[in-house]
Structures are given as structure tokens and as C-alpha cells.
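> Mind looking over this structure? Questions follow.
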Amino acid sequence: MTDIGVLDRPVTRTATSAADRKRRTGRQRRLRRWAWGLPLWLLAVLFLAPFAWMLSTSLKRNVDAYVVPMQWIPDPAQWSNYLTVLVGENSLLPAFGNSIFVAAFRVAGELITATMAGYAFARLKFRGRDKVFLIYLATAIIPSQLLLVPRFVYFQQLGLYDSLWALILPGMFTVLGTFLMRQFFVSQPAEFAEAARMDGAGEWQIFSRVYLPLATPVMAALGILAFVWSWNDYETPLVLISDPANYTLPLSLTNFTDEQGAISPGLAMAASTVSIIPVLIVFLLLQRRFIQAMTHTGIK
């Protein structure tokens, strides 16, 4: 019995030391997780603080919006601010519809033109292809503000000034969209196209049936970016739209000021809260594909 007990001691010590190492490893992992997680949570709180302030102010009376120290939970809550911005004299609903109309056509148009142009620059061989692409890419350095006056004159001559199409057409062609799609198609194996050609597929079939289904994550990411750019665009409607019936949301938000330029903080923040809801919905619906596009497609 004594000999057996002596033989069992090393085994017991080995098992105990292994358990100790496992506990120490688990403890170290938890510490590393907290070391990374805590700063990220603090950053998240800092980023969300302005949104919390916006939501809090949207439920306040104008006189309570400037109270110091700030009252984060309004008392009483002014829910009538939302009713005013939605169905009041300066209702956001017409501008809301205009923004959705513009954003839908701009996103659809940009996805169509960017995918086709990106595929052409990546996969089709024609003379001067790379030079044309570099020239096209170089146009991105031109500030968008410099193009506002030429666009104003151009659309006025076409009879499209003060119409929603003056906002839609320029947004259907973007350098960034073409660049992103071109980079994706370049990163895909050429063997896919060769195998399809051996089966008798034409170039359009190769594009639409082979490469385009693979590009859905990148298209989702581009769609989110295009929607946000269209939804938040203020300068272009300011120059090309004069009829209040054609106002988009960024322009309509300026209605909550008086003739002296004084802003109504409660109404303005309620309108801003309503305006960001579609952006949040679009991102929540497409966030998985957006993250997949950023992490797995090799886009730099």
C-alpha cells in the first residue's frame, strides 16, 4: 500500500499543476479581455454621449435646454416635440419622402454603374485601360464644392434645376464606388472566368452569374456608404433646390429656426432624432455584410 501511495504522488502533483496552469491561463485571458474591453467601452460611451444629449434635448422645452447643469432625464418629458415635427406646420414627412426617393435611386444607380465600371476596369482588356482608370481616379482630388456652380448651370440648361433628379443623377456615378468594385474584381481568381468561357459563357454571363454573386458583401458596404452620403447631403440640395416642396431632410431641419436665426432646440433635436432612424435601420440590416466586406475581401 505504501509503495502504491508513493507512486501516486507524482501523478497527483502533475494533475494539480496542470489544473493550476489552466486556472492561471483562464485568469490571464480574463485580464486581457478586460484590458481591451474597458477602454473600448469607455470610447463607446464617449461616442454615444452626443446621441444621448440629442435624445434628452428632444424631450425638453426650449427654456430647459440651456439649464446648467444639464438634466439628462427631462422632467416633464415634452413628447409633443415629436408630434410637432411630424405633423405640424413644418412637418418633416414630405422631406422624409423626398430623401428616401433620392437615396433609393442614388444607391441603386451607384451600385449598377460601380459594379459594371469596376468589372470593366478589372477584367476587360482594352487599349489604355489603366491610364483611363488613373485619370478617372484622379478626378477624386477635385473638391466637390468646385463642381456645384457648373452643375447648377448644367441642370438649369437641361430644365432639371429645382427637381429631385438634379440630386440623383450626379450621385449615381462616384469614383470611390468604382474603385472599391474594381479592387474586389481584381482580387478574384481569373480561373473562374476561364472555366465559364470553356462552358460557352459570354462576358455578360461571366459578370452576372460568376463574379456578381461573389460581390454582394462589397455591394452591401457600398450601399451603406452611398445611402449615408445621400441622406446627409446638405450642400447639393442647398444649391440645386429652391422649392420647399422638394426639400430633403437636411434642408428641412433649417425650418426650426425663426427669422432671426434663433434655433428651437427641442424641435431641432426631435427632428434630428427622427432623421437618423433610417440610417440606423439600414446599417443594422446590412452590418454583417458590411463587416464581411471590410474583413474578407482584401479591400485596403
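The values are calculated or read from the model by the stated rules, or taken from the named source; none is laboratory data. None of the values given here were measured: they were computed from a predicted structure. Note that we place each Cβ from the backbone using ideal geometry, even for glycine, and neighbour counts take in every protein chain shown.
> Please determine, by comparing only the residues of region 242-263 that are surrounded by fewer than 17 Cβ atoms within 10 Å (Cβ to Cβ) and at pLDDT below 85, which one is nearest to V186 (Cα to Cα).
Looking at the filtered set, the residue picked out is T254.
> For region 54-68, give me each residue that is assigned to a helix (DSSP H, G or I) and either touching a Gly at 6+ places or on another chain (Cβ under 9 Å) or at positive phi (or both).
From region 54-68, those assigned to a helix (DSSP H, G or I) are 54-57, 62-64; that's our starting set.
Within region 54-68, T57, N62, D64 qualify.
> Of all residues in region 69-118, how many are assigned to a loop (DSSP other than H, G, I, E, B) and in contact (Cβ under 8 Å) with a residue 12 or more places away in the chain? Steps first, please.
So the first thing to find is which residues in region 69-118 are assigned to a loop (DSSP other than H, G, I, E, B), and the list is 69-79, 88-92.
Subset that is in contact (Cβ under 8 Å) with a residue 12 or more places away in the chain: 70-74, 77-79, 90, 92.
The number of residues fulfilling the criteria is 10.
> Of all residues in region 264-300, which are at pLDDT 75 or above and either part of a loop (DSSP other than H, G, I, E, B) or charged (D, E, K, R) (or both)?
Residue satisfying the conditions is S264 alone.
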